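Visitor: Mind looking over this structure? Questions follow.
The values are calculated or read from the model by the stated rules, or taken from the named source; none is laboratory data. Worth saying up front: this structure is predicted, and the values here are computed from it rather than measured. Reconstructed Cβ throughout: ideal geometry from the backbone, glycine too, with neighbour counts over all protein chains shown. Each accessible area value is taken on the protein alone, full model and side chains, heavy atoms only, with ligands, DNA and RNA left out. Shrake-Rupley method; radii C 1.70, N 1.55, O 1.52, S 1.80 Å.
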Amino acid sequence: MEDPVKIGIIICHRYHTCAGGKCLRSLRNREGAFSSYRNRAVELVGYTTCDGCPGGNVEYAPAEMHKNGAQVIHFATGLLVGYPPCPYLFSFEEFVRSKYAMDVVLGTHPIPQTYFETHTALGTWSSPEWQAALAGILTDETTRRAYC
């Protein structure tokens, strides 16, 4: 049997009281950004916040997760769908990739429909950079509604 992929999740500090229900459900069901692990075992080895703007914990948390075997860091969907979306997200992604040589995935659970509607109306995600960032969590409407 293949070894599990070990992942860490970093959430936006705005949601610091989040119990991780949507992230953990989507991990269990292999939905959203976790659909890429559909045929793999996954082990969650870390879950923390960015520590608030400008994300000081992003400098240190991946190191701790890496010590626990993390191969991939997921920046939680909340960093992409909160308003405004995290202004540091793409810098965080670049930093973790270069400093820790770890894979980085933007998103965890599918985008809830309410956020999809709001950001569509505002045009928040209209750039090619955002379209690429949302690719793994921009699911069909039925799935988005299940995550509201």
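Visitor: Any idea which of (1) at pLDDT 95 or above; (2) hydroxyl-bearing (Ser, Thr, Tyr); (3) farther than 22 Å from ALA133 by Cα is the one SER35 doesn't satisfy?
Guide: Condition (3) is where SER35 drops out.
Visitor: Determine which member of the set THR17, THR114, THR49 is free of Cβ contacts under 8 Å to residues at least 40 places away in the same chain and over 23 Å from TRP130 (Cβ atoms).
Guide: Values: THR114 fails: over 23 Å from TRP130 (Cβ atoms); THR49 fails: over 23 Å from TRP130 (Cβ atoms).
Step by step, each of THR17, THR114, THR49 is checked, and only THR17 is free of Cβ contacts under 8 Å to residues at least 40 places away in the same chain and over 23 Å from TRP130 (Cβ atoms).
Visitor: Tell me yes or no: at least one residue of the stretch 107-118 is of a type in the set (A, V, I, L, M) and surrounded by fewer than 21 Cβ atoms within 10 Å (Cβ to Cβ). Talk me through it step by step, then tell me what you get.
Guide: Going residue by residue through the stretch 107-118, those that are of a type in the set (A, V, I, L, M) are 111.
Still in the list and also surrounded by fewer than 21 Cβ atoms within 10 Å (Cβ to Cβ): none.
No.
Visitor: I'm trying to understand the selection: among the residues of the stretch 112-127, which are aliphatic (A, V, I, L, M) and more than 11 Å from PRO85 (Cβ to Cβ)? If you could, list the steps in order and put the result at the bottom.
Guide: From the stretch 112-127, those aliphatic (A, V, I, L, M) are 121-122; that's our starting set.
Within the stretch 112-127, ALA121 is the sole residue that qualifies.
Visitor: Can you pull out every residue in the stretch 20-46 that is of a type outside the set (A, V, I, L, M, F, W, C), without any contact (Cβ under 8 Å) to a residue 40 or more places away in the chain and touching a Phe, Trp or Tyr at 6+ places or on another chain (Cβ under 8 Å)? Show your work before the answer.
Guide: Taking the stretch 20-46 first, the residues of a type outside the set (A, V, I, L, M, F, W, C) are 20-22, 25-26, 28-32, 35-40, 43, 46.
Filter once more, keeping what is without any contact (Cβ under 8 Å) to a residue 40 or more places away in the chain: 20-21, 28-30, 37-40, 43, 46.
Correct list: GLY20, ARG30.
Visitor: As an exercise: evaluate ILE73 against (1) open to solvent by 10 Å² or more (accessible area, probe 1.4 Å); (2) within 12 Å of the chain's Cα centre (by Cα) and give the number of the one condition it does not meet.
Guide: The one condition ILE73 does not meet is (1).
Visitor: Scan the stretch 40-51 for residues that are assigned to a strand (DSSP E or B) and closer than 14 Å to LYS6 by Cα and jot them down.
Guide: Step one: of the stretch 40-51, the residues assigned to a strand (DSSP E or B) are 42-49.
The answer is VAL42, GLU43, LEU44, VAL45, GLY46, TYR47.
Visitor: A follow-up question, please. Give me a count of the residues in the stretch 1-39 that are in a loop (DSSP other than H, G, I, E, B), open to solvent by 40 Å² or more (accessible area, probe 1.4 Å) and not hydrophobic (A, V, I, L, M, F, W, C). Walk me through how you get there before you give the answer.
Guide: Looking only at the stretch 1-39, we keep the residues that are in a loop (DSSP other than H, G, I, E, B), and these are 1-4, 12, 16-20, 30-31, 38-39.
From what is left, the residues that are open to solvent by 40 Å² or more (accessible area, probe 1.4 Å) are 1-4, 16-19, 30-31, 38-39.
Among the residues that remain, those that are also not hydrophobic (A, V, I, L, M, F, W, C) are: 2-4, 16-17, 30-31, 38-39.
Going through the stretch 1-39 one residue at a time, the tally reaches 9.
Visitor: Determine whether the stretch 131-138 contains at least one residue that is open to solvent by 80 Å² or more (accessible area, probe 1.4 Å), over 14 Å from the mean Cα position of the chain (by Cα) and within 17 Å of CYS86 (Cα to Cα).
Guide: Pass one, the stretch 131-138, residues open to solvent by 80 Å² or more (accessible area, probe 1.4 Å): 131.
If we keep only those that are over 14 Å from the mean Cα position of the chain (by Cα) as well, we get 131.
Of the ones still in play, those that are also within 17 Å of CYS86 (Cα to Cα) are 131.
Yes, the stretch 131-138 has at least one match.
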